[in-house]
Amino acid sequence: MNDIDAVTRGLNPAPDTHVSDAAWEQLSAGITAEAPQPVRRTSRRPRLLLAAASLVVIGGVITAAVVNRPDQDRSEALSVTAHGDNLIIRVVDPAADPQEYNRELKRLGLDVKVLAVPVSAPFVGQMVSFSGRDDGDTAQLHRLEPGELCSGTLNASDPGCQDGLEIPKNYDGQTEIQFGRAAKPGENYFHFSSKVDDPGEAMHGANWRDRTVAEVKQVLAERKLKVAEYYDADQPRNAKAIPAPPDDWYVRDATEYVAGEVTLYVAATK
């Protein structure tokens, strides 16, 4: 595969962003040529590969955009593709360093910050929220559902076609996009399901409701979870935590605000 960086360096763009026909032909060959072997990661740290969602920026103007081919490994962190007068932004690797996303967006002249926040398992890789300074900022943005406006080789079953954001190329606002990443043990979740036994959550599929504290502690141990705190189920949720109850009390409810730590709401009766 041709050296894309070498091609773009050879363009040596002037401030007026003029590029010769010969340079365009060389650039096109460099970013679309078939690779003899799949692209592989060469370091342990996730790295943004412009060959995956290549945006060649000349004088702050987007001049070319290509996307991953099916024969390539998914090693890109950020997918940015052109769609008419807009850009489609999708985070492909939620484990990558957010600074990789932000450097690329800054190169595009966009005041857009990507922040990876700790979430429970069902929300890893999903867009949690986006915000702006005011309604004028957010009114220019359109949230994309998984499978919506998949460009090039991307499709609804492709991991690069999850939810994302459509934003004008000439966007003049400020925006923060928050995507979910896997929480580390002991981290407070930024976002999680309403019930601890919802699909994908820590207690999904477990038989724990209205069982004794001793039985529920065993269930937690089997799932490598621990008890964070106990609360009296008959008191308001904003009441203070209580000391560890007798093992023959019953667990009426549970939550997981912190990764790997379950809060139990208990009472002497079912």
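The values are calculated or read from the model by the stated rules, or taken from the named source; none is laboratory data. The structure presented is a predicted model; accordingly, all values stated were derived computationally and were not measured. Using ideal geometry, Cβ is built from the backbone for each residue, glycine included, and neighbour counts are taken over all protein chains shown. Keep in mind that these areas ignore ligands, DNA and RNA; they rest on the heavy atoms of the full protein, side chains included. Shrake-Rupley method; radii C 1.70, N 1.55, O 1.52, S 1.80 Å.
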Checklist entry - Quick one: is Y230 open to solvent by 30 Å² or more (accessible area, probe 1.4 Å) and of a type outside the set (K, R)? => result no
Item to check | strands (runs of 3 or more DSSP E) within the range 171-270 that include 2 or more residues modelled with pLDDT of 95 or more | outcome: 226-232, 250-258, 261-267
Checklist entry - Could you count how many residues in the range 183-208 are under 21 Å from the mean Cα position of the chain (by Cα), within 14 Å of V258 (Cβ to Cβ) and not hydroxyl-bearing (S, T, Y)? => result 11
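A quick yes/no check of all residues on (1) hydrophobic (A, V, I, L, M, F, W, C); (2) in contact (Cβ under 8 Å) with a residue 12 or more places away in the chain; (3) open to solvent by 60 Å² or more (accessible area, probe 1.4 Å); (4) in contact with a helix residue (DSSP H, G or I) (Cβ under 6 Å, 6 or more places away or on another chain):
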position	(1), (2), (3), (4)
V92	yes, yes, no, yes
E100	no, yes, no, no
D111	no, yes, yes, no
A116	yes, yes, no, yes
S120	no, yes, no, no
S129	no, yes, no, no
G132	no, yes, no, yes
Checklist outcome for this item: Selection over the range 205-245 where residues are touching a strand residue (DSSP E or B) at 6+ places or on another chain (Cβ under 9 Å) and either at positive phi or among the acidic types (D, E) (or both) yields a count of 5
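Residue-wise test of (1) open to solvent by less than 20 Å² (accessible area, probe 1.4 Å); (2) in contact (Cβ under 8 Å) with a residue 40 or more places away in the chain; (3) in contact with a helix residue (DSSP H, G or I) (Cβ under 9 Å, 6 or more places away or on another chain).
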| site | (1), (2), (3) |
| --- | --- |
| E187 | no, yes, no |
| H191 | no, yes, yes |
| S194 | no, no, no |
| V258 | no, yes, no |
Checklist entry - What about F179, is it open to solvent by less than 60 Å² (accessible area, probe 1.4 Å), closer than 30 Å to R103 by Cβ, of a type in the set (F, W, Y) and touching a residue at least 40 places away in the same chain (Cβ under 8 Å)? => result yes
Next on the checklist: What's the number of the only condition in (1) over 15 Å from S79 (Cα atoms); (2) at pLDDT 90 or above that S157 fails to meet?
Outcome noted: (2)
